[in-house]
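Please read the structure below before turning to the comments.
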Amino acid sequence: MAKPLFKARNLTKHFDITQGFLQKLRGEEKQKVKAVDGIDFDIYWKQNFSAVGESGCGKTTVGKLMMRLLDPTDGRMYMKGKDITELSNKQQIKAYRRQTQMIYQDPFSALDPRHRIRTILEEPLMIHGIGDSRDERDDMIYEAMEEVRLTPPEKFLRRYPHMLSGGQKQRISLARAMILNPDFIVADEPVSMLDVSVRAEVLNLMKDLIDKEDITYFYITHDISTTRFFTDYIGVMYLGDMVEKGKVGDVLDNPSHPYTQALLVAVPEPDPERGRGVKKVPIKGEIPSAVNIPKGCRFHPRCPHSKKICRNKKPVGKEVGKEHIAKCHFAGEIEFDLEVAK
Amino acid sequence: MVGKAVLKVDELSTHYLTGDGEVQALDDASFVLHKGESIGVAGESGCGKSTLAFSLLNLVPPPGQIVNGSINLDGIEVTDLNEKQSRKKIRWKKVSMVFQGAMDIMTPVYTVGHQMVEPLKYHKGIEGKKARAICEKYLELVNLEGGIFDRYPHELSGGQKQRVIIATALLLEPDLVILDEPTTALDVVVEARIMNDLKRLRRELDISMIFITHDLSILAEVSDNLAIMYAGWIVEFGSAKQIYKDPKHPYTEKLIAAIPDIRTDIERLEYIPGVPPNLVNPPTGCRFHPRCHKAMEVCRELEPEIYNIDGVKVKCHLFSEDKEIAESEEAEYETAYEDESASEAYEGELGEEEVVTEEE
């Protein structure tokens with residue numbers, strides 16, 4: 001097996017919630033939001049990895065940790081074998097970010113409305129001191145624009161973001177990330193704000209760049225239906241933990257954690273012959289607060305299969321197939337058929 | 001199952017009279033909705049879906065106005081009503097609407113109950129305990145506890161807020177509920193649950209619904225009929241089953257193909273290149289021709305008529321009975337399929353601006 005490009009071990013991020021003076025005086029324990037609670041995963045070169053889950057499951061926090069926008073509470077991250085949790089000063093982090101870039105969810109607010117497209121694309125070059133002259137930088141900007149198929153570039157460079165459509169804006173975000181020739185891009189819900197028809201266009205484009213520019217993506221999404229097309233590996237997150245991970249085909253065809261099964265049943269059925277009845281979404285209530293994580297298995301209060309052991313004992317990762325791990329006491333024992341469930 | 005017609009829309013056109021010209025947001029829309037039926041309205045952003053909804057409520061924001069056509073809502077001609085009459089006669093009572101981003105619609109300074117009883121107070125003069133009882137009944141219908149009545153909006157999750165809005169829309173037992181992107185901002189699990197509830201409510205209360213969304217995959221589960229909108233036109237209208245199985249209009253075909261499948265591995269996703277046109281100057285002939293993969297020479301010149309093919313209404317030259325039109329030569333002009341960036345929608349805006357900024 002090839003060496004992973006990116007490795008996370010016991011990655012943890014807890015946020016302290018500010019507490020009042022009185023609570024401090026009483027010596028009450030500090031409350032913590034356990035946004036990411038000790039997760040492990042590997043990402044291989046040119047094998048995209050997607051993190052899937054509901055809002056509040058910690059997937060965006062993982063992305064921010066990977067960019068070193070947040071400092072992890074505990075755990076280690078390695079990029080090409082190098083420990084990036086140890087990067088401490090600004091220069092080191094800046095150098096790291098030259099090879100790791102991020103695309104944000106909302107293209108409408110990720111681009112400064114007062115800057116022209118040219119300025120927006122030039123900024124990363126200025127920050128990293130790339131290109132000696134304006135002409136040289138212009139060449140790079142043109143190249144990046146052509147890569148995201150905004151051609152001819154002259155037509156767009158002088159525009160402001162509001163003059164572009166949502167899909168075009170997101171392609172500018174992609175060009176801005178690509179201009180530094182990164183190896184790795186964290187894409188946080190890059191298409192969730194776009195129309196379905198445009199979504200496909202942006203995802204196709206991002207996929208083309210994998211081979212063309214040797215890019216690997218960490219794709220954060222709540223929409224499990226796009227992962228099969230776009231990624232090779234998938235990690236399903238619930239309340240700060242990665243409850244199931246593996247090759248995307250294995251996980252989607254043979255979901256072994258009840259949460260993954262619920263996510264799959266919830267995907268709208270685009271065939272009126274099949275999806276007419278009332279679906280049985282096998283999951284109760286809403287995601288609990290990450291301050292008070294349930295004891296035992298963190299999914300047990302919402303789980304339709306929960307037994308006594310789930311309330312008391314934390315499940316460990318169980319191997320249900322090659323590279324396919326589910327954190328459930330009954331992984332591999334729960335029968336599931338997507339066609340029946342729908 | 002076809003009951004009496006609740007809503008008859010005939011040749012409805014709504015335009016926005018802006019400084020830059022007349023935005024033809026909705027043109028020549030005609031359809032009928034029967035009691036208990038549901039229509040799904042789909043299309044990309046900027047295709048006139050929300051304008052259609054606002055027109056039905058006689059709530060088109062200025063500078064928009066209904067310029068032509070009629071809306072017959074259970075015997076009442078909506079286009080003849082003035083603002084005060086529409087508020088008294090139709091809104092909430094006959095037709096209610098769940099707006100896009102409904103989660104932000106509640107005032108944060110009042111309790112949920114305070115805001116919920118308003119339609120009851122205004123239309124029926126019901127207040128106090130009686131109003132509360134009615135509200136609680138409807139909250140339970142959408143699977144919420146009655147206790148929500150005393151809470152403030154910030155104490156609720158997105159899904160709960162959306163349910164409160166849906167309950168409020170049902171309070172006066174309208175014949176028709178319009179839902180504009182009811183689940184767009186929600187997680188898939190919550191979305192699936194709310195869609196479930198809507199399916200159940202429609203059966204239990206026998207109300208008609210109009211669903212508006214850009215995501216066709218949601219509509220398959222809830223609509224009897226589909227209206228596919230493009231650039232202010234209804235380009236295809238007919239039974240949802242038929243349209244999903246055999247889409248007629250090239251636009252519908254592409255919209256359906258763009259839905260990713262979780263069951264099979266695919267190499268590429270289908271998409272529609274380009275963006276919907278600026279409706280001040282819509283393309284000549286068929287408005288979809290610059291982005292159409294089946295465009296013919298005739299499409300640029302002639303506006304297609306609406307053809308009835310096996311009960312599905314399609315606005316496309318491909319189905320013309322006139323052989324000369326239906327088998328016209330393939331387009332020789334450039335469509336967005338050759339030039340992927342063909343989006344001239346903002347050209348005008350850029351033109352003005354270039355003059356000012358030469359000094360850069």
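Laboratory data are not the source of any read-out in this text; all were calculated from the coordinates shown. Quick caveat: nothing in here was measured; it's all calculated off a predicted structure. Cβ sites come from the backbone with ideal geometry, for glycine too, and all protein chains shown count toward neighbours.
With an a/c value of 1.5 or above and a/b not larger than b/c for the gyration tensor axes a ≥ b ≥ c computed over the alpha-carbon atoms, the protein assembly as shown is described as oblate. Over chain A, what is the percentage of antiparallel beta bridges among all DSSP beta bridges, to the nearest 5? Looking only at bridges with both residues in chain A, the antiparallel portion is about 60 percent. Along its principal axes, chain A has C-alpha extents of 68, 62, 44 angstrom, given from the largest down. Computed over chain A with a Gaussian network model linking Cα atoms closer than 10 Å, the most mobile of A:Ser225, A:Ser50, A:Ser256 is A:Ser225. Excluding same-chain neighbours fewer than eight residues apart, the lysines reachable from A:Lys32 by a Cα-Cα span under 19 Å are A:Lys13, A:Lys24, A:Lys59, A:Lys64, A:Lys295.
In the range B:163-321, the DSSP beta bridges split such that about 70 percent are antiparallel, to the nearest 5. For A:Lys318, the residues whose amide H sits under 5 Å from its own are A:Ala326, A:Lys327, A:Cys328, ignoring neighbours fewer than 5 places away on the same chain, with H placed 1.01 Å from N. The mean count of C-beta atoms from other chains within 10 Å of the C-beta of residues in A:97-108, rounded to a whole number, is 0. Computed from the C-beta positions of A:Glu273 and B:Asp80, the FRET efficiency with R₀ = 51 Å rounds to 0.75. Can you compute log10 of I(q)/I(0) for the range B:106-173 with the Debye formula, treating each Cα as one identical point scatterer, at q = 0.15, 0.16, 0.17, 0.25 Å⁻¹? Each listed q maps to, in turn, -0.39, -0.44, -0.50, -1.12. Loop exposure criterion: GluC sites (Glu not before Pro), DSSP state outside H, G, I, E and B, at most 14 other Cβ atoms within 10 Å. Applied to chain A, the longest stretch between such sites is A:87-272.
Relative contact order of chain A: 19 percent, from C-alpha pairs under 8 Å at least 6 residues apart in sequence. Rg and Dmax of the range B:14-144, based on Cα coordinates, read 17.2, 52 Å. Roughly what angle does helix B:158-170 make with the longest principal axis of chain B, taking Cα atoms, 0 to 90 degrees, to the nearest 10? Tilt relative to chain B: about 80 degrees.
Helix A:196-213 versus the longest principal axis of chain A: what is the Cα-based angle in degrees, 0 to 90, to the nearest 10? Around 70 degrees separate the two axes.
Could you list the residues of the range A:55-93 with an amide nitrogen less than 16 Å from a label point located 7 Å from the Cα of A:Asp112 in the Cα-to-C-beta direction? Those under the cut-off are none; the list is empty. DSSP beta bridges fully contained in chain B are about 65 percent antiparallel. When restricted to Cα atoms, the range A:154-229 yields an Rg and a Dmax of 12.7, 37 Å, respectively.
Entry for the range A:12-81 at q = 0.12, 0.15, 0.23 Å⁻¹: log10 I(q)/I(0) = -0.43, -0.61, -1.09, Debye formula applied to identical alpha-carbon scatterers, no solvent contribution. For the residues A:Lys247, A:Lys94, A:Lys46, a GNM of chain A with alpha-carbon springs under 10 Å puts the largest fluctuation on A:Lys94. Contact order, relative form, for chain B: 18 percent (alpha carbon pairs under 8 Å, 6 or more residues apart, mean separation divided by residue count). Over the protein assembly as shown, dividing the summed -39,500 (n - 2.57) contributions of all DSSP H runs of at least 4 residues by the number of residues returns a 222 nm mean residue ellipticity of -9000 deg cm²/dmol. From the P(r) of chain B, can you give the percent of Cα pairs sitting at distances over 38 Å? Distances greater than 38 Å cover 23 percent of the Cα pairs. Counting only other chain Cβ atoms within 10 Å of each residue's Cβ, the peptide A:260-268 averages 5.
Between the amide H of B:Leu26 and those of B:Thr14, distances stay under 5 Å, these residues lying 5 or more places away or on another chain, with hydrogens modeled in the peptide plane.
Contact order, relative form, for the range B:106-173: 41 percent (alpha carbon pairs under 8 Å, 6 or more residues apart, mean separation divided by residue count). Between B:Val109, B:Val41, B:Val280, the residue with the greatest mean-square fluctuation in the GNM of chain B (Cα pairs under 10 Å linked by springs) is B:Val109. With a Förster radius of 56 Å applied to the C-beta separation of B:Val109 and B:Lys245, the computed FRET efficiency comes to 0.65. Couplings for the range A:308-320, taken from phi via the Karplus curve 6.51 cos²θ - 1.76 cosθ + 1.60 with θ = phi - 60°, read 4, 4, 5, 7, 9, 10, 6, x, 9, x, 10, 7, 9 Hz in order; Gly and Pro are left as x. For B:Val235, the residues whose modelled amide H falls within less than 5 Å of its own, excluding neighbours fewer than 5 places apart on the same chain, are B:Ile228, B:Met229, B:Tyr230.
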